[in-house]
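The values are calculated or read from the model by the stated rules, or taken from the named source; none is laboratory data. Source: prediction; values computed, not measured. Note that each Cβ is placed from the backbone with ideal geometry, even for glycine, and that neighbours are counted across all protein chains shown. Note: areas computed on protein heavy atoms with side chains; ligands, DNA, RNA excluded. Shrake-Rupley method; radii C 1.70, N 1.55, O 1.52, S 1.80 Å.
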Amino acid sequence: QVQLVESGGGLVQPGGSLTLSCVASGFRFSVATMAWYRQAPGKQRELVANIGRGFATDYGDSVRGRFTISRDNTNSVLYLQMDSLKPEDTAVYYCNADTFNGEYWGQGTQVTVSS
């Protein structure tokens, strides 16, 4: 049974930082392409960043240079380091796994950037 459990969300002031974590189980984490998506109220879900099995990364234009995606294949954990946060980064952030057996999603974690 595939499980993706996100944590680390919360309320932060503009300019602040947060680190999200996603603990994965039930599949071969090391060979999966992993990603973070987000969805703000009234908007479509969008790609934030992804990281391949070879550790190649890609970022959405709105977060490039501020966010960093990384993975720990030993412990099956995906991370998203978010710096210089802006109010427009407010959204539910979802962990995503693209595996040989299909695509899976976590339940999401809320990030709110507000003063």
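Condition check for residue 53 on (1) within 23 Å of residue 25 (Cβ to Cβ); (2) of a type in the set (Lys, Arg); (3) open to solvent by less than 40 Å² (accessible area, probe 1.4 Å): one failure, at (3).
Residues in the range 21-37 that are assigned to a strand (DSSP E or B) and either open to solvent by 20 Å² or more (accessible area, probe 1.4 Å) or in contact with an Asp or Glu (Cβ under 6 Å, 6 or more places away or on another chain) (or both): 6 in all. Restricting attention to the range 1-20 and to residues that are open to solvent by 30 Å² or more (accessible area, probe 1.4 Å) and in contact with a Phe, Trp or Tyr (Cβ under 9 Å, 6 or more places away or on another chain), the residue that is nearest to residue 100 (Cα to Cα) turns out to be 2.
Residues that are open to solvent by 60 Å² or more (accessible area, probe 1.4 Å) and at positive phi: does the range 41-48 have at least one? Among the residues of the range 41-48, at least one is open to solvent by 60 Å² or more (accessible area, probe 1.4 Å) and at positive phi, which makes the answer yes.
Residue count for the range 44-63 under the criterion of being farther than 17 Å from residue 94 by Cβ and part of a loop (DSSP other than H, G, I, E, B): the result is 6.
Conditions (1) modelled with pLDDT under 95; (2) in contact with a Phe, Trp or Tyr (Cβ under 6 Å, 6 or more places away or on another chain); (3) open to solvent by 30 Å² or more (accessible area, probe 1.4 Å); (4) part of a strand (DSSP E or B), marked per residue:
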| site | (1), (2), (3), (4) |
| --- | --- |
| 65 | no, no, yes, no |
| 68 | no, no, yes, yes |
| 71 | no, no, no, yes |
| 75 | no, no, yes, no |
| 79 | no, no, yes, yes |
| 84 | no, no, yes, no |
| 92 | no, no, yes, yes |
| 98 | no, no, yes, yes |
| 110 | no, no, yes, yes |
